[in-house]
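Step one of this worksheet: look at the structure below.
The values are calculated or read from the model by the stated rules, or taken from the named source; none is laboratory data. Since this is a predicted model, take the numbers as computed values, not measurements. Positions of Cβ are generated from backbone atoms using ideal geometry, with glycine treated the same way; all protein chains shown enter the neighbour counts.
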Amino acid sequence: MTGLILHHYDASPFTQKALRMFGLKQLAWRSVETPMIMPKPDLTRLTGGYRGTPVLQSGADVYIDTQLIARELERRHPRPTLFPADNRGLDYALVKWGDDFFQAGLEMAINLVGPSWDNAFAADREALFDHLSFARISEDASHAITQLRAHCALLEDQLADGRAFLSGDEPGLVDIQAFSVPWFARAAMPVTEKLLARFDSLPPWEARVAALGEGIRTDITAAVALAEARLGQPDLSTNIDADDPLGLQPLAKVAVEPADFSRRGVVEGELLRLTPLTIAVLRRDSELGDIVVHFPRLGYRVSPL
Ligand SMILES: N[C@@H](CCC(=O)N[C@@H](CS)C(=O)NCC(=O)O)C(=O)O
């Protein structure tokens, strides 16, 4: 069986993106609930060290990051498309805008909700987001809130002509990207309602994106997912872009890690495929056998070992 399995917890804004992708495409998928903090032994057994949320699995293929999850779902299930206005490159580029938007929400949450986090959760997030000084972040609280509001003002502008979705009549990846931050801000921080009170087009648009749903979910255990990884047969072909600036050879030993805003873990393996937009690495796991871990290129660092 090589159906889609998502490793996640629902409170994550990035999980919400994956759920709306399943919803837009009306896909059936299976859910493994992960812990919100380390340790996550089942997830890191599968990924080889990546601990972020969410992670998509299909047999012995593991897809890291919602950017790549979008790409893989679109490849497997092209209709309905995530790109209704045919702006594929631009819409993927907006993933980076989505990350900036998330940063504003994150800094706001650390300020407003952080003081009520229990010690274990606070310590985990401080290690994860080590580019932010938790002790000093309150000095910049108002600034973070202005940034969140500015991003929301862009959405309000885009929706001001009465369109249903950001690109027009149909929902797409760009709506899913943008939706997750106001969703999280409203859910976690009551002050958000007042901050966004003047942005009238946002709530009905948010409701339309939420109404995409999550496709058809079935809960399973991590043991079932790991058993499928053990039985799976990933594609072991190699394909390295001859013009790639890193000049790596097929099966070179590499480490891959996020080069963006959080320390979500390093994965070591043998390089199978490397293109301008994707990375695939083979892990030979003592319990699971051959696992191929796929990453987006944008925002991920590949280092020779
Ligand atoms: N660029 C990644 C970001 C994922 C991310 O930062 N997820 C957060 C959850 S919202 C996370 O990993 N938190 C720590 C954890 O779940 O262990 C993606 O799009 O998937």
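Among the residues of segment 258-305, what is the count of those that are in a strand (DSSP E or B) and among the hydroxyl-bearing types (S, T, Y)?
3
When segment 265-302 is examined, which residues are found to be over 15 Å from N239 (Cβ atoms) and surrounded by fewer than 19 Cβ atoms within 10 Å (Cβ to Cβ)?
Within segment 265-302, V266, E268, R284, D285, S286, E287, G289, D290, L298, G299, R301 qualify.
Have a look at A93, A85, A104, A123 and point out the one that is at negative phi, surrounded by 20 or more Cβ atoms within 10 Å (Cβ to Cβ) and small (G, A, S).
Values: A93 fails: surrounded by 20 or more Cβ atoms within 10 Å (Cβ to Cβ); A85 fails: surrounded by 20 or more Cβ atoms within 10 Å (Cβ to Cβ); A123 fails: surrounded by 20 or more Cβ atoms within 10 Å (Cβ to Cβ).
None of the other options fit; the residue is A104.
Considering F165, F184, F199, which residue is in contact (Cβ under 8 Å) with a residue 12 or more places away in the chain and touching a Cys at 6+ places or on another chain (Cβ under 7 Å)?
Among F165, F184, F199, only F199 is in contact (Cβ under 8 Å) with a residue 12 or more places away in the chain and touching a Cys at 6+ places or on another chain (Cβ under 7 Å).
What number goes with the only condition from (1) more than 10 Å from the ligand (Cβ to nearest atom); (2) touching a residue at least 60 places away in the same chain (Cβ under 8 Å) that Y50 does not pass?
Just one mismatch for Y50, condition (1).
If I69 meets every condition in (1) over 22 Å from W183 (Cβ atoms); (2) within 16 Å of the ligand (Cβ to nearest atom) apart from one, which number is that one?
Unmet condition: (1).
With (1) touching a Leu at 6+ places or on another chain (Cβ under 8 Å); (2) modelled with pLDDT of 95 or more; (3) farther than 24 Å from V292 by Cβ; (4) of a type outside the set (S, T, N, Q) as the list, and M108 as the residue in question, which single condition is left unmet?
Only one criterion in (1) touching a Leu at 6+ places or on another chain (Cβ under 8 Å); (2) modelled with pLDDT of 95 or more; (3) farther than 24 Å from V292 by Cβ; (4) of a type outside the set (S, T, N, Q) is unmet by M108, namely (2).
Just one of I69, I110, I64, I37 is in the same structural domain as P171 (by TED's automatic domain parsing) and not small (G, A, S); which is it? Walk me through how you get there before you give the answer.
Numbers: I69 fails: in the same structural domain as P171 (by TED's automatic domain parsing); I64 fails: in the same structural domain as P171 (by TED's automatic domain parsing); I37 fails: in the same structural domain as P171 (by TED's automatic domain parsing).
On inspection, the qualifying residue turns out to be I110.
Taking the criterion of being under 24 Å from M36 (Cβ atoms) and of a type in the set (V, I, T), would at least one residue in segment 225-247 satisfy it?
no
Taking only pairs six or more apart or across chains, which ones have beta-carbon atoms under 9 Å, a first residue in segment 6-30 that is farther than 21 Å from L46 by Cβ, and a second residue that is hydroxyl-bearing (S, T, Y)?
Sorted first by the residue in segment 6-30, then by its partner, the pairs are P13/S180; Q16/S180; R20/S180; L24/T81; K25/T81.
Can you find a residue that is touching a helix residue (DSSP H, G or I) at 6+ places or on another chain (Cβ under 6 Å), of a type in the set (V, I, T) and more than 14 Å from the ligand (Cβ to nearest atom) anywhere in segment 3-25?
Yes, segment 3-25 contains at least one residue that is touching a helix residue (DSSP H, G or I) at 6+ places or on another chain (Cβ under 6 Å), of a type in the set (V, I, T) and more than 14 Å from the ligand (Cβ to nearest atom).
Which of the following residues is outside the structural domain of R125 (by TED's automatic domain parsing) and over 18 Å from L68 (Cβ atoms): G265, G247?
Details: G265 fails: over 18 Å from L68 (Cβ atoms).
Result of the check over G265, G247: G247.
Condition first: closer than 30 Å to M38 by Cβ, modelled with pLDDT of 95 or more and part of a loop (DSSP other than H, G, I, E, B). Now tell me which residues in segment 130-165 satisfy that. Explain how you work it out, then say what you get.
Taking segment 130-165 as the starting set, the residues that turn out to be closer than 30 Å to M38 by Cβ are 130-141, 143-145, 147-148, 151.
Still in the running and modelled with pLDDT of 95 or more: 147-148, 151.
Of everything in segment 130-165, nothing turns out to be closer than 30 Å to M38 by Cβ, modelled with pLDDT of 95 or more and part of a loop (DSSP other than H, G, I, E, B).
Checking L236 against (1) without any contact (Cβ under 8 Å) to a residue 24 or more places away in the chain; (2) more than 16 Å from the ligand (Cβ to nearest atom), which single condition isn't satisfied?
(1) is the only condition that L236 fails.
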